[in-house]
Amino acid sequence: MDPHRSSISCHSHQSSYKRQRDDSGRSPRENKHFRTNTQHQYRSESALGQNPLSCRTLSTRRELYERDFPVYKQPVEVGCFSLDSERRFFNDSRQMRYYVEPDRNPNFNLRDGYRDRFIKRDDSVKERLDHILRWIVANKSKINPTGAAASPRALDVDFVTWRGHLTKLLTTPYETREGWLLAVTRFRGTFYISEVETEAARRERENRTERHEEMMYWGYKFEQYTCADNTHSLPDPGGVVNTNEAFCTVVQTRLADHRLLFSGEVDCRDKDPKAPAAPACYVELKTSAEICTPKQRSNFHRFKLLKWWAQSFLPGVPRVVAGFRDQEGVVVSVETFHISKISHLIKNEYNCWKPTVCMNFCCDFLSFVKRVVTEDSPRVVYLFSWDPYKDVTYSAHRDSQYCFLPHWYVEEMTRSEDSQYEPKA
């Protein structure tokens, strides 16, 4: 029997939350595709009334999440950090790069440098949440709860995680190939979510073909062609590509009643000094195979744009610049996709993904976690498991291989918390 599976099944939903505006700028009441909030709230309460304590799984069926878009507050950048060429953490923006717009048909050779100017990060090393936790320790004053002396909570947020983990949740209702494992620990009132590599992902990583490895490099090479180290310089495509280096934003936001703190890598920012403040000045860079047929365009809309949208919508990055390349790795065209317009771009695709389904599933998963993860201890991990076409299940583990909060973080946060209650001399 699979140790990650539970035998009891029940479909559960939380009350819906109004979204201020849909993607067309209209309120939900003006859009016939939205159910009224009162109708859904009645159904939710009825479902929860069917003994929610027995709900050991969460359904991923898309139709269950087609309701009003939940409230998602504009993400606010509360900080950033950098990782250098040796993966060392710095509490600053030294790795920030600046976008230099290329020609529409640039003919960039993405294969250049793969053999002799490429330092690849060791992706067998699992960093878990360590870099985010280092940022938290260095910036506790930015996220401490107000009136902390009266609160048992060490941080004024419900969830701490990577943006990539939330992206996986958003895309889950439409994912048909790759499952996931998410470890959750509740510590001082905050839920920490860290991914665990699945066996299938490990096998894929260890058995990649040389072609696959090179194509992964192409995305980083495209960044090198379009990013400069400062506002007054130009890109240096003759330099070394080192995937250890990274600049990461840290944002705070709220999805319905879930207060989120998460971090994600940022490719570059707009070099215009009049550009809006972060995260609205950030630019995401992508590569994709050139589109030559209607079928390829449909697949691009249905699959690739889903992940691009989810990844950028979460932290509030407004645009994706895509380099379309041929089979030889030469970028033949460049196109900009504005995140706010992607839902309009896909609306005519048959059976396509819906942003509201993505966000409502993520919201319900976080509610599911809050209901399930009751023990507050860094020694306890609740492992949430999902495979395509299945429900989300979970299992609990104490002092196991899944523990991921490091001792230095637990000790530092405990010491900081305890010092608040020490009597003043």
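The values are calculated or read from the model by the stated rules, or taken from the named source; none is laboratory data. Just so it is clear, the model here is predicted, and its values are computed rather than measured. Heads up, the Cβs are rebuilt from the backbone with ideal geometry, glycines too, and the neighbour counts pull from every protein chain shown. Calculation scope for accessible area: heavy atoms of the full protein, side chains included, ligands and nucleic acids excluded. Shrake-Rupley method; radii C 1.70, N 1.55, O 1.52, S 1.80 Å.
In the stretch 344-386, what residues are of a type in the set (S, T, N, Q) and modelled with pLDDT under 95?
Step one: filter the stretch 344-386 for residues of a type in the set (S, T, N, Q), giving 348, 351, 356, 360, 367, 374, 377, 385.
Within the stretch 344-386, 348, 351 meet the criteria.
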- Message: Please go through the stretch 266-297 and give me each residue that is buried (at least 17 other Cβ atoms within 10 Å of the Cβ), free of Cβ contacts under 8 Å to residues at least 60 places away in the same chain and among the acidic types (Asp, Glu), ordered by number.
- Response: 284
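Can you tell me how many residues in the stretch 56-68 are part of a loop (DSSP other than H, G, I, E, B) and open to solvent by 10 Å² or more (accessible area, probe 1.4 Å)? Quick ask: steps written out before the conclusion?
First, pick out the residues of the stretch 56-68 that are part of a loop (DSSP other than H, G, I, E, B): 56-57, 59-61, 66-68.
Subset that is open to solvent by 10 Å² or more (accessible area, probe 1.4 Å): 56, 60-61, 66.
Qualifying residue count, the stretch 56-68: 4.
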- Query: Are any of the residues in the stretch 185-203 over 22 Å from the mean Cα position of the chain (by Cα), surrounded by fewer than 20 Cβ atoms within 10 Å (Cβ to Cβ) and either among the small types (Gly, Ala, Ser) or within 29 Å of residue 385 (Cα to Cα) (or both)?
  - Reply: yes
- Extreme residue, surrounded by the fewest Cβ atoms within 10 Å (Cβ to Cβ), among residues of the stretch 246-258 that are more than 13 Å from the chain's Cα centre (by Cα) and over 11 Å from residue 75 (Cα atoms): 257
- Query: Mind checking whether some residue in the stretch 148-168 is at pLDDT 95 or above, surrounded by fewer than 17 Cβ atoms within 10 Å (Cβ to Cβ) and closer than 25 Å to residue 236 by Cα?
  - Reply: no
- Item | The lone exception for residue 331 - which of (1) β-branched (Val, Ile, Thr); (2) over 17 Å from residue 219 (Cα atoms); (3) open to solvent by less than 20 Å² (accessible area, probe 1.4 Å) it fails | (2)
- Residue pairs within 7 Å by beta carbon, gap of at least six or interchain, first lying in the stretch 58-84 and free of Cβ contacts under 8 Å to residues at least 60 places away in the same chain, second open to solvent by less than 40 Å² (accessible area, probe 1.4 Å), listed first then second, are 64/13
- Of all residues in the stretch 85-107, how many are open to solvent by 30 Å² or more (accessible area, probe 1.4 Å) and outside any loop (DSSP other than H, G, I, E, B)? 3
- Item | Every residue from the stretch 310-357 that is among the small types (Gly, Ala, Ser), under 28 Å from residue 263 (Cβ atoms) and in a loop (DSSP other than H, G, I, E, B) | 316
- Quick one: residue 82 ticks every box in (1) under 28 Å from residue 402 (Cβ atoms); (2) among the polar types (S, T, N, Q); (3) open to solvent by less than 30 Å² (accessible area, probe 1.4 Å) except a single one, so which number is it? (1)
- Query: Just wondering, is there one or more residues in the stretch 158-181 that are hydroxyl-bearing (Ser, Thr, Tyr), out of contact with any Cys (no Cβ under 6 Å at 6 or more places or on another chain) and closer than 20 Å to residue 77 by Cα?
  - Reply: yes
- In the stretch 347-356, what residues are open to solvent by less than 50 Å² (accessible area, probe 1.4 Å) and under 24 Å from residue 255 (Cα atoms)? 352, 353, 355, 356
- Taking helices (runs of 4 or more DSSP H) that do not extend beyond the stretch 141-228, which have at least 2 residues that are of a type outside the set (Asp, Glu) and touching a Lys or Arg at 6+ places or on another chain (Cβ under 8 Å)? 163-171, 210-226
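Being open to solvent by less than 20 Å² (accessible area, probe 1.4 Å) and at pLDDT below 95 is the filter here, so list the residues in the stretch 124-147 that pass it. Spell out how you get there, then give the answer.
Of the stretch 124-147, the ones open to solvent by less than 20 Å² (accessible area, probe 1.4 Å) are 129, 131-133, 135-136, 139, 143, 145.
Result: 143, 145.
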